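Where a number appears in this text, it was derived from the coordinates with a stated rule and is not lab data. These figures come from a predicted structure and were not determined experimentally. Quick reminder, even Gly has a Cβ in these numbers, built from the backbone with ideal geometry, and neighbours come from all protein chains shown.
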């Protein structure tokens, strides 16, 4: 995990203007900031006591997606994750729930920055979040949350994908410190030594590295402190205290207060924290306490099990005498001390000496004590009784796992009850005391398997060893046994009777009486290590009572020995829930001694005890801490400390606490390789249950499964392939094929189905039949009809003559589908008919309905609508009768086919009725996909019928269904359609409704990262605002559309958006001048920058027209002139280029004409005419020429010289006449020209010539119109 480093000195700077932080002055030594993964949140460095500190109220969590095969970040992957984050950002409840599981409070989401802004309100929240961050759960939760479903279908891509998360450690550490101060009290470590002041008894003396609880008293320099090691109280200087770096310590010491009974030592005689081997006595020692070894200087002592450096006592065996007992660590030095390399936390060794028995010499035939096993549970392994004998130390290669099944096995499993050693009224009978069966049983001098019920946590001796009597009767009997054993000198019976009596008293919470019995039991002189379980139970129970009763004077007598028995022996069997008191003290000691190995061992035992007591909530923090310590110690010592992975147990605990995100994250991180097949199926079940909690669409018992289940199915298949359960392998392959089919990965589905066929063939034909049918169906879906036929045809042949009508019907149906895809309609029909006959004979109503529906669809394909309707009607009738086993999807599909038949025949009302019936069926079945299909078909039908109101209703239903399916893409498409439909109604209310849907579509486009659609939607919103005349909002959205388009790399698309933004105003009837900034200031310079001549020409033309209409002819003249200059470059083809130039000349001439520059206008009009084609193609061209010549005649007649007008009109009158639409217009035009000559020149000869010429031209023109559709101007 990458981390963002921050400088500790940054805290000393003034940052009053920084967002999300504030300043506060405190007088306290503060630590610097270090990594969260392998180090505490706070380190040992100090900051100036009087600094003004900036306290951040928020932290930023950033994520990065990358591929392990590539060092550099994967931009495509990062964009995909960012897109998914935008989608979930719009529905913030999912994100809030995610970080709620992660014990953080979401402030906001910054999708564009790939980050989340978080805050915390308590130290406990920071502790849990930092733990999840260190264990990799935060990154894995984001991976599960943001990755698309298709990623889980590709194993190679999934193994290469990785999401890393980073936080600013300085901000997190500062926030942690702030919350500590706000709570008023916290636990801290002394930075230096201060001796007790005899003159001031209120002040507390302490040594460097002592742990204290510090409480704010309101003073600036002195706070109240309490020593954890001794419990002493007093005032301490604030500047001598440094808060404990691990939030877990703050939580633990606050929830389980008490003292540790030790102080940090400056020097330890042993180098390693946990060792085994042998030691040499350096002093002579005579035993003072019970069960201790007598030593002489130079004696060799072998360490039994292990030696913990933080404990003062260990269990050793004298190499000369062979006696086993307690040894004080201070009396020896290491000789062959070795670090336990494999299982240092869980106390499993492979060293030969460590496997030697810790018991003294036993008589022949006496079974040794063996602790209860904790080997991994196997599906095929036999059940193990809690009374089965076990070795004191693990054998070669044994491992002590922390499996969930093993934890609860001792609670739920019994092989058989052992025989009762207490017969009915046995103590009332007048027999010799020596023949009492209870006395005989309890006086065995070594551990017996029958003693196991005496020591277990469930007090099972009440109904096994001493069954049939009440507790009061049993107490009376045991009291008499105790007296008799004491009188007869039967020491073992005496000790065991006292122990059982003590347990009965403790069960009734009579702790003082229980303490007396335990002390008496320990005072009995026996070889205690001959029955090690009894010795462990006595010391741990008695020490727990001392702790509960706060008897510190007596605690020192048993604490170290109880700790050694509890921690140094493997497979500890708990006898009392009160042992948690001792474990809590030892964990406090581990904190004081800074002993991570001891802390891990205690966390292991504490979590085991809480799980046995079914206190899963209490066990969870210790399991999390154990997983954290296991990882960090493995990394620090560069070797794995097995079992390293507790994620399987954690996933179950998170599931119990209803934390689905964490349950799935820990489950996916489970890397253990020793899972049994039953474990693998339990993981699948756990995954499905938590996935259903996150997504209601994934309902238990349905065929719809999340794609991520493929990972667990594949892992289970790998485990199954290692065994001989071929049927399970086949079932797993079928399951994988079904999931792949669901998500459209048909190639993978076919591969899995083929594997299922091969596996099933090894069992029998019946097992392979189902897989072959699925393979055939998948081949049909993937378009390999011929291959499907080759698979299905042998199946049909093999079923001939067998009593399997249903199977034959299925094969006929699938073969018909294959033949239909091949276009062999008649053969397909025969197979469908055969399937129908078989289903009728067998009475299978559902198969009858399916066969009839398929026959109807086949008839529709060949155009036999009437025949299709008969089949489909009958199919619907049969589907309607299927109440007990409904077939919703097939029923709906039949309705759709029947509606299609009616629609093809023009019976829209009947078609509508069929579609609506299909929708009702889908609604009743709560089938969202079917609802979507039918509603979409109904919407299109009503649109074709011009019933837009009804169409809108069904499209709105499509939107609601797509939201239920969480399909943002479909939702955006339907919102766009709804917007268009509402806009077509052309009312203010419908326009505003259209605006609302367009904005929703805009949000989805932004979420999905579709920049083109986003830009077009911004444009559409601006267009709608312009229609309802809200110009300010319209301009804002149009500008946003342009900015979005400019951020893309597609310059031509940006150019089109720029131009369309201006067109919104240009093509409207009001506020047209608002398009001027878009054209002149934006799109025109952009077109020039990208050298888009076509767009530049269009924009110049639009600007010319816009300015002309507004009366700004001078400015329009500039753009018209520019348009003429580039017009010749706009077209590749000659005709297109000439057309553009002609239009530019005409527009420029019009501008000159409006400016009364008639000569220039005439010049450009004539240039425009010179580019006209010789043959007119359309009547509109003739009209254009007519108007143009009228304009030229007007210019010449009224604006220029009359003589020039007469000459030009005489030369061009035929051309002008040719441009008119009909003879009447031509005649009027000729009369006007003749009148001009008569009035202006009064030359009769010329007038007569002109009248004669024009009359003949008119006659020719009429004949030309009648004969030809094209007019040749040269004639």
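A few remarks follow.
- Whole-number Å³ per residue for the convex hull built on Cα positions in segment 129-228: 143
- Efficiency of FRET between residue 1121 and residue 107 - r from beta-carbon atoms, R0 51 angstrom, step 0.05: 0.30
- FRET efficiency, 1/(1 + (r/R0)^6) with R0 30 Å, evaluated for residue 239 and residue 312 via beta carbons: 0.35
- Residue order, fewest to most surrounding Cβ atoms within 10 angstrom, among 551, 490: 551, 490
- A crude spin-label estimate for the pair residue 1155 and residue 93, with each label 7 Å from Cα along the Cβ direction, gives 6.7 nm.
- For segment 188-255, averaging the sequence separation of C-alpha pairs within contact (under 8 Å, six or more residues apart) and dividing by the residue count gives a relative contact order of 30 percent.
- For segment 188-255, the Kirkwood hydrodynamic radius comes to 12.1 Å, computed from all pairs of different C-alpha atoms.
- With a Förster radius of 60 Å applied to the C-beta separation of residue 881 and residue 470, the computed FRET efficiency comes to 0.40.
- Taking label points 7 Å from Cα along the Cα-to-Cβ direction, residue 282 and residue 929 give a separation of 7.6 nm.
- Theoretical gain in end-to-end length, residue 862 to residue 208 [0.36 nm per residue, Cα-Cα removed]: 226.0 nm
- Gyration tensor analysis over the Cα atoms of segment 1092-1171 returns equivalent ellipsoid semi-axes of 20, 16, 7 Å (largest first, whole Å).
- Taken over segment 865-940, the convex hull of the Cα atoms encloses 71 Å³ per residue.
- Share of alpha-carbon pairs per 5 Å distance bin for segment 701-880, given as whole %: 1, 9, 15, 17, 18, 16, 13, 7, 4, 1, 0, 0
- Neighbour-count order for 124, 721, 579, fewest beta carbons within 10 angstrom listed first: 721, 124, 579
- When the P(r) is computed for segment 514-607, the part past 19 Å accounts for 37% of the Cα-Cα pairs.
- Taking 0.36 nm per residue of separation and subtracting the current Cα-Cα distance, fully stretching the chain between residue 70 and residue 216 would add 47.3 nm.
- Net length available on complete extension from residue 183 to residue 556 is 130.9 nm, with 0.36 nm assigned per residue and the Cα-Cα distance removed.
- Counting neighbouring beta carbons within 10 Å and listing from fewest to most, the residues 824, 82 come out as 824, 82.
- With the convex hull of the Cα atoms taken as the outline of segment 895-998, the averaged projected area works out to 6.4 nm².
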